[in-house]
Amino acid sequence: MFSELFKSEKIEVISKLPFDKCRVLNERKIQKCFQDEKPLSVIVFAVPYLSHKTFYNKGRNISLYSCVPDYHLYFSLLFDRLISKLKEKFPQNRFAGFGDNSPIDERAAALSCNLGFCGDNGLVINEKYSSFFFIGELICDVDFDKIDIRIPSKSKSECLHCNKCKEVCPMNLSGIECLSALTQKKGELSPFEENVIKKYGSAWGCDICQLVCPYTEKAVDAGSIFSTIDYFCESEMTCIDRTYIENLSDEEFSKTAFAWRGRATILRNLAIIYSDKTEGN
């Protein structure tokens with residue numbers, strides 16, 4: 001049943017892990033979800049988010065993951081569907097789904113159940129999607145052996161240690177913590193930080209280390225990197241400007257990947273990028 005449910009959602013890269021093999025980061029969140037019951041199993045899966053349109057649009061000024069509506073909304077809807085159907089089959093069991101903000105170390109869990117390997121850029125990489133996917137987990141108290149999901153064989157691939165990600169990373173070149181983190185930083189930035197954002201033209205996030213990875217090139221050539229999930233293919237934006245952000249209603253803005261930082265942060269970045277030219281040109 002589990003396998004068919006995920007297949008119906010076009011989720012193809014999936015595995016499972018005994019809960020006691022996971023590194024728990026937030027025990028209180030586990031207790032809140034399961035109360036007196038003990039979680040027994042974790043289903044770990046990859047959700048590809050890349051689309052042809054966003055990937056091949058060279059004029060984008062936001063990270064590829066933020067070209068579509070907030071992925072947290074996707075996971076919320078996904079788990080509503082999955083858990084509703086699972087409760088029909090397992091009415092006595094408890095289920096809790098997470099995509100980010102997980103009570104377990106989701107990257108470690110993905111590596112432990114063979115969803116990929118760790119690259120020198122710190123990201124989980126698999127041959128099908130490279131690193132362009134979100135990690136999701138469905139934690140439950142269903143016995144591990146009753147979950148009809150096959151654990152993939154350990155990949156023979158591994159990081160090539162080619163140093164391409166390090167050679168182009170703004171963190172290494174500019175001495176900053178991380179360009180993606182910098183675009184998410186609240187408040188005023190130093191002149192140095194402003195110059196970094198202006199140099200790389202990113203209003204939100206960074207994909208540089210992912211794009212230069214040889215596994216990305218290989219997955220693009222194979223066509224396997226692109227998502228077939230409707231949520232990540234239907235609504236897309238690639239280049240934003242101040243007018244676009246200011247004209248979004250509060251409801252529309254709340255559905256963007258950068259909404260959690262508020263309008264002021266993204267507007268500040270746009271002002272920096274277009275400070276000496278007509279915005280958006």
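Listed residues Lys38, Lys32, Lys58, Lys10; which is under 30 Å from Tyr274 (Cβ atoms) and surrounded by fewer than 18 Cβ atoms within 10 Å (Cβ to Cβ)? Give the derivation first.
Details: Lys38 fails: under 30 Å from Tyr274 (Cβ atoms); Lys32 fails: under 30 Å from Tyr274 (Cβ atoms); Lys10 fails: under 30 Å from Tyr274 (Cβ atoms).
Result of the check over Lys38, Lys32, Lys58, Lys10: Lys58.
Only one of these is part of a helix (DSSP H, G or I), at pLDDT below 95, of a type outside the set (D, E, K, R) and not assigned by TED's automatic domain parsing to the domain that holds Gly122: Ile240, Ile197. Name it. Give the steps one after another, and end with the answer.
Working: Ile240 fails: part of a helix (DSSP H, G or I).
Of Ile240, Ile197, the one residue that is part of a helix (DSSP H, G or I), at pLDDT below 95, of a type outside the set (D, E, K, R) and not assigned by TED's automatic domain parsing to the domain that holds Gly122 is Ile197.
Suppose we filter segment 127-166 for residues that are surrounded by fewer than 17 Cβ atoms within 10 Å (Cβ to Cβ), acidic (Asp, Glu) and touching a residue at least 12 places away in the same chain (Cβ under 8 Å); how many remain?
3
What is the residue count in segment 114-125 for residues that are under 21 Å from Val42 (Cβ atoms) and either surrounded by fewer than 23 Cβ atoms within 10 Å (Cβ to Cβ) or of a type in the set (Lys, Arg) (or both)?
Of the residues in that region, 5 qualify.
Given the conditions (1) assigned to a loop (DSSP other than H, G, I, E, B); (2) of a type outside the set (A, V, I, L, M, F, W, C); (3) within 30 Å of Ile266 (Cα to Cα), and given that Glu37 satisfies all but one, which numbered condition is not satisfied?
It fails just one condition, (3).
Residue-wise test of (1) among the small types (Gly, Ala, Ser); (2) farther than 21 Å from Gly59 by Cα; (3) modelled with pLDDT of 95 or more; (4) surrounded by fewer than 20 Cβ atoms within 10 Å (Cβ to Cβ).
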{"position": "Leu189", "(1), (2), (3), (4)": "no, yes, no, yes"}
{"position": "Tyr215", "(1), (2), (3), (4)": "no, yes, yes, no"}
{"position": "Asp250", "(1), (2), (3), (4)": "no, yes, yes, yes"}
{"position": "Gly280", "(1), (2), (3), (4)": "yes, no, no, yes"}
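For segment 243-278, enumerate the residues that are over 20 Å from Leu182 (Cα atoms) and either among the hydroxyl-bearing types (Ser, Thr, Tyr) or in a loop (DSSP other than H, G, I, E, B) (or both). Outline the logic, then answer.
The initial filter retains those residues of segment 243-278 that are over 20 Å from Leu182 (Cα atoms), namely 243-244, 246-255, 276-278.
Answer for segment 243-278, where residues must be over 20 Å from Leu182 (Cα atoms) and either among the hydroxyl-bearing types (Ser, Thr, Tyr) or in a loop (DSSP other than H, G, I, E, B) (or both): Thr243, Tyr244, Leu248, Ser249, Ser254, Lys255, Asp276, Lys277, Thr278.
Regarding Leu82, is this residue buried (at least 20 other Cβ atoms within 10 Å of the Cβ), under 30 Å from Glu252 (Cβ atoms) and at pLDDT 95 or above?
On the way: buried (at least 20 other Cβ atoms within 10 Å of the Cβ): yes; under 30 Å from Glu252 (Cβ atoms): yes; at pLDDT 95 or above: yes.
Yes; evaluated as a whole, the condition is true for this residue.
The values are calculated or read from the model by the stated rules, or taken from the named source; none is laboratory data. Since this is a predicted model, take the numbers as computed values, not measurements. Counting neighbours? That spans all protein chains shown, and the Cβs are built from the backbone with ideal geometry, glycine included.
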